[in-house]
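Encoded as structure tokens, the structure appears first; notes follow it.
The values are calculated or read from the model by the stated rules, or taken from the named source; none is laboratory data. Computed from a predicted model, the values in this text were never measured in an experiment. So basically every Cβ, Gly included, is an ideal-geometry build from the backbone, and we count neighbours across all protein chains shown.
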Amino acid sequence: MRVYRLIAAMWIRSTMAYRASFVMSTFASFTVTALDFVAILLMFSRVDALGGWPLSEVAFLYGLSCVSFGLADLAIGSMERLGQRVRDGTLDTLLVRPAPVLAQVAADRFGLRRLGRVTQGALVLGWAVTAVGVDWTLPKVLLMPVVLLSGAGIFCAVFVAGAAFQFVAQDASEVQNAFTYGGTTLLQYPPTVFGTELVRGVTFVLPLAFVNWVPAAYLLGRPLPLDLPGWVAFTSPLVAAGCGALSGVAWRAGLRSYRSTGS
């Protein structure tokens, strides 16, 4: 973590040297991300509910997904560029440094502009919290930050696992993006609009459902997907820890298999 903080701080100082550029790029990130929610608003201009979920509840799903993914993307979004380093051999420069390779790759080109995505998602989530009409008991209030951090942890695990896959595939950043950016887009919509097999897949195979579908159902007083028992809504931290452990195993296996470019 110390190495990560030092590298990230270096990139932040570099970014803030051009503050006007930072403000414009952050605003651009905010605006581009907001277009996803504009698409949802356009849908609700024609329908009153989407899969039985009103706008306020879909916005709640959107906010949870966007903030969780935004935090993960801010922290280690640079992992998606690992394939380029593997192809051109620049990963070798990280291997000879007396610092963990994972920390170096994760903090490389730390993009503070990604705060635009987090801010936009937080604004939508704030509105949704006031609009859903939920009786916010103390357990539900305490669960909210846990859900956001756990969701970020799950997405971080997906980023690391995708990077580990690039040690083998080398040019698979789009495959990784299908599960990261594609995953957060999927979670912005209620599970009732998708087929049962897809919902099972993102619950038991790649457990993205624990980012928002499962805990949000409990918070909104709805039945959990696949008729799961109510206590499952509190297991997001355990799922995040399990995903993190598995992605760590995949990362170490991928790193051990690295043989440079051979040139």
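In the set (1) farther than 30 Å from Trp136 by Cβ; (2) surrounded by 15 or more Cβ atoms within 10 Å (Cβ to Cβ); (3) among the small types (Gly, Ala, Ser), Gly151 fails one condition alone, (1). Being of a type in the set (D, E, K, R) and assigned to a loop (DSSP other than H, G, I, E, B) is the filter here, so list the residues in region 155-193 that pass it. Correct list: Asp171 only. Kindly indicate whether Gly77 is under 15 Å from Leu255 (Cβ atoms) and modelled with pLDDT under 90. It is false that Gly77 is under 15 Å from Leu255 (Cβ atoms) and modelled with pLDDT under 90. Residues in region 223-263 that are assigned to a loop (DSSP other than H, G, I, E, B) and either more than 21 Å from Arg200 (Cα to Cα) or without any contact (Cβ under 8 Å) to a residue 12 or more places away in the chain (or both): 9 in all. Taken residue by residue, region 74-83 has no member that is at negative phi and in contact with a strand residue (DSSP E or B) (Cβ under 7 Å, 6 or more places away or on another chain). Among the residues of region 165-197, those identified as of a type in the set (A, V, I, L, M, F, W, C), surrounded by fewer than 23 Cβ atoms within 10 Å (Cβ to Cβ) and touching a Leu at 6+ places or on another chain (Cβ under 9 Å) are Phe167, Phe179, Leu186, Val193, Phe194. Scanning region 93-107 for residues that are crowded, with 19+ Cβ neighbours inside 10 Å and either touching a Phe, Trp or Tyr at 6+ places or on another chain (Cβ under 7 Å) or part of a loop (DSSP other than H, G, I, E, B) (or both) yields Leu102, Ala103, Ala106, Ala107. Residues in region 19-77 that are charged (D, E, K, R) and assigned to a loop (DSSP other than H, G, I, E, B) were compared, and the one that is farthest from Val146 (Cα to Cα) is Arg46. The lone criterion from (1) more than 30 Å from Phe44 (Cα to Cα); (2) at pLDDT 90 or above left unmet by Gly195 is number (1). Cβ-Cβ contacts under 8 Å between residues 6 or more apart (or on different chains), taken from a first residue in region 162-189 that is on the phi > 0 side of the Ramachandran plot to a second residue that is in a helix (DSSP H, G or I) and surrounded by 15 or more Cβ atoms within 10 Å (Cβ to Cβ), are listed as Gln170/Gly83; Gln170/Val86. The numbered conditions (1) modelled with pLDDT of 85 or more; (2) not in a loop (DSSP other than H, G, I, E, B) are all true for Gly133 except (2).
Being in contact (Cβ under 8 Å) with a residue 12 or more places away in the chain, within 24 Å of Ala9 (Cα to Cα) and not in a helix (DSSP H, G or I) is a condition met by at least one residue of region 111-126.
Count of region 191-218 residues, restricted to those that are touching a helix residue (DSSP H, G or I) at 6+ places or on another chain (Cβ under 8 Å), of a type in the set (A, V, I, L, M), under 18 Å from Leu50 (Cβ atoms) and in contact (Cβ under 8 Å) with a residue 60 or more places away in the chain, is 1.
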